[in-house]
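The values are calculated or read from the model by the stated rules, or taken from the named source; none is laboratory data. What you are looking at is a predicted structure, and each value in this text was computed from that prediction instead of being measured. Every residue, glycine as well, gets a Cβ built from its backbone with ideal geometry; the counts of neighbours run over all protein chains shown. These accessible areas exclude ligands, DNA and RNA; they are computed on the full protein's heavy atoms, side chains included. Shrake-Rupley method; radii C 1.70, N 1.55, O 1.52, S 1.80 Å.
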Amino acid sequence: MLQQYKTVAGYGEDMIVIERSRFIGYAQRVTTEEEASAFIAMIKKKHWDATHNCSAFVIGENDQIQRSSDDGEPSGTAGKPILECIKKNGVKDTVVVVTRYFGGIKLGAGGLVRAYTAGTVTALKAAKIVVHTLHQKISVNVDYHWWGKVENELRLTEQRVVGTDYTDRVTAHILIPDGLQDDFIAGMIDLTNGQAKIERGEKEYVEVPVEAVGDEE
């Protein structure tokens, strides 16, 4: 599993106008080629009367699935810029469709590349890029005598506590960034003079928003 990766938070849609042509950018998180193809088909059905519905997607931990379509635009002026913009932003498991309604002014090859890149940026911004950072769930089980010190330490160090069970003892469930588990466990054992019972759980990703979306061509 990757330590971290970027993707989109979910569905996004927005529009820009360039030389009277309308470019509507759509983005969605997908995990399979089938999901990406279905999303593209949905947008094409929605905009059946559009001049073009150009698209691209990147899927997989190592970006192993990459596809793009110019959908009738001159070769390399639409699908490839969309794909390259997705990749330059480091976004995985993402499909983008940029729908164009021609406004009467031809843009030329360079203008089309810039327009579809801008449409992709518009879509990614609307969908909101997030970072998924790998964490491991650690359960700390202590007697009530030690709970005050443990709770205070978790609060002071701003740990991500995802649940607390109160039975005959107290068990706190914490998500620790991958790679920091050993230090955290050692700290808990030291804090409780070896009285804490520690269990390692499954690893999962924690999602954090990312503000910037680049518009590189």
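Looking at the chain as a GNM with Cα springs under 10 Å, which of ALA27, ALA41, ALA127 has the largest mean-square fluctuation?
ALA41
At a probe size of 1.4 Å, how large is the accessible area of THR192, to the nearest 10 Å²?
Around 0 Å² of this residue is reachable by solvent.
About its Cα centre, what dipole magnitude does the range 165-204 give when the only charges are +1 on Lys and Arg Cβ and -1 on Asp and Glu Cβ, stated in debye to the nearest 20? Don't skip to the end; give the middle numbers.
Details: 4 positive and 9 negative charges, 26 e Å.
That gives a dipole near 120 debye.
Can you give me the distance in nm between label points at ALA9 and VAL161, each placed 7 Å from the Cα along the Cα-to-Cβ direction?
Roughly 2.6 nm, to one decimal.
Can you give the accessible area per residue of the chain, in Å², using a 1.4 Å probe?
Here the residues of the chain average 51 Å² of exposed surface.
Label LYS203 and GLU61 with points 7 Å out from Cα along Cα→Cβ: what is the distance between them in nm?
Once both label points are built, they end up 0.8 nm from each other.
How big is the dipole moment of the range 11-149 about its Cα centre under a simple scheme where the beta carbon of each Lys and Arg is +1, that of each Asp and Glu is -1, and everything else is neutral? Debye, nearest 20, please. Mind showing how you got there, number by number?
Numbers: 18 positive and 15 negative charges, 77 e Å.
Using Cβ point charges on Lys, Arg, Asp and Glu, the range 11-149 gives about 380 debye.
Hey, in the GNM for the chain with a 10 angstrom Cα cutoff, which one of LYS137, LYS46, LYS92 fluctuates hardest?
Sorting by GNM fluctuation, first place goes to LYS46.
Mind telling me which of GLU84, GLU158, GLU35 comes out most flexible in a GNM of the chain, alpha-carbon contacts under 10 Å?
GLU158
Keeping the other protein chains in place, figure out the carbon and sulfur percent of the accessible area of the chain, with a 1.4 Å probe. If you can, show how the numbers build up before the last one.
On the way: 5410 of 11170 Å².
Its accessible area is 48 percent carbon and sulfur atoms.
Non-local amide H neighbours of ASP70 (under 5 Å, H modeled in plane, Pro and chain starts lacking H): which ones?
GLY79
Using just the alpha carbons, could you tell me how many Å³ per residue the convex hull of the range 72-171 encloses? It would help to have the intermediate numbers written out before the result.
Numbers: hull volume 14.3 nm³, N = 100.
Hull volume normalised by residue count: 143 Å³.
Kindly provide the helix-only [θ] at 222 nm of the chain, computed as the sum of -39,500 (n - 2.57) over DSSP H runs of four or more divided by all residues, to the nearest 500 deg cm²/dmol?
Only helices count here, giving -10000 deg cm²/dmol.
Scale the Cα Rg of the chain by the rule-of-thumb value 2.2 N^0.38 Å and send over the ratio, two decimals.
The chain yields a ratio of 1.38.
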